[in-house]
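Please read the structure below before turning to the comments.
Computed from the coordinates by the stated procedures, all read-outs in this text should not be read as laboratory data. Just so you know, these numbers come straight off a predicted model, no measurement behind them. All Cβ positions, glycine included, derive from the backbone under ideal geometry; neighbour counts span all protein chains shown.
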Amino acid sequence: MFSLQKLLGKDDKFFALLEASAEEARASVQALNRVLAKPGEVTSLKEFHAAKEADKRLTEQINEALVRTFVSQLEREDIEVLSAALYKIPKTVEKFAERFIVSAQIVKDTDFTRQAALLDAATRQVVEMVKLLRYLGAGRLDQAKEMNTKLQQVEGEADELILDVLRDLYSGRHDATRVMALKDLYELLEKVIDRCRDAGNVVTHIVLKNS
């Protein structure tokens, strides 16, 4: 987990808080990928809940700081929108974990390797894009666009992947209960990617406004 001690007493509090939020979002996906790598093992929601709550506390700190601090470089609305977008990532991951645990006996033999790779790539890109905000006005627009393009490509791969898995689920070869459970899980994983895309779009918008 990200240490909040390094955030205290610094002028760049908003950059640090947003970066911490992005790191928590990535931490939740890394925890999820560890679970997906061993779907047959019984797991707990504790780690996912902790990541979501940590990000929630960061979001609350950002909101409090907005009330008390004059923001000269980032606009208040941009900070709020990005903070909310980042928080939705671990929130959606926790929702997936809840459904995964409930349906564990039905889906335990499912291979989520491709989804895990896309989740890792998406959150890694989000973290790097949020870090880019520290360097606004330094000709970073092209870099932000390039990074966002990579994130959009990940989302495109996720869209293609869910079509593939749904095609298989609807082939008539699977039990109806399994189809329902996996459809729900696959769609939640795609939603995590969508949340990452949303955060990337917000960062790109901020960089564009400040270029």
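In table form, for the structure just shown:
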{"item": "0 to 90° range, to nearest 10: angle between helix 46-68 axis and the chain longest Cα axis", "result": "20 degrees"}
{"item": "Cα centroid separation - the stretch 48-68 against the stretch 117-171, whole Å", "result": "24 Å"}
{"item": "Degrees, to the nearest 10: 13-36 long Cα axis against longest axis of the chain", "result": "10 degrees"}
{"item": "Listed candidates [x] -0.45, -0.72, -1.20; [y] -0.65, -0.84, -1.16; [z] -0.59, -0.75, -1.11 - label of the one calculated as log10 I(q)/I(0) by the Debye sum over Cα atoms at q = 0.10, 0.13, 0.18 Å⁻¹", "result": "[x]"}
{"item": "FRET efficiency, 1/(1 + (r/R0)^6) with R0 25 Å, evaluated for His205 and Glu98 via beta carbons", "result": "0.20"}
{"item": "Length-normalised contact order for the chain - Cα pairs under 8 Å, 6+ apart - percent", "result": "29 percent"}
{"item": "Given Lys56/Lys88; Lys56/Lys150; Lys95/Lys150; Lys150/Lys183; Lys52/Lys191, the pairs whose alpha carbons are separated by over 18 Å", "result": "Lys56/Lys150; Lys95/Lys150; Lys150/Lys183"}
{"item": "Cα gyration tensor shape for the stretch 78-152, rounded if a/c is under 1.5, else prolate or oblate", "result": "oblate"}
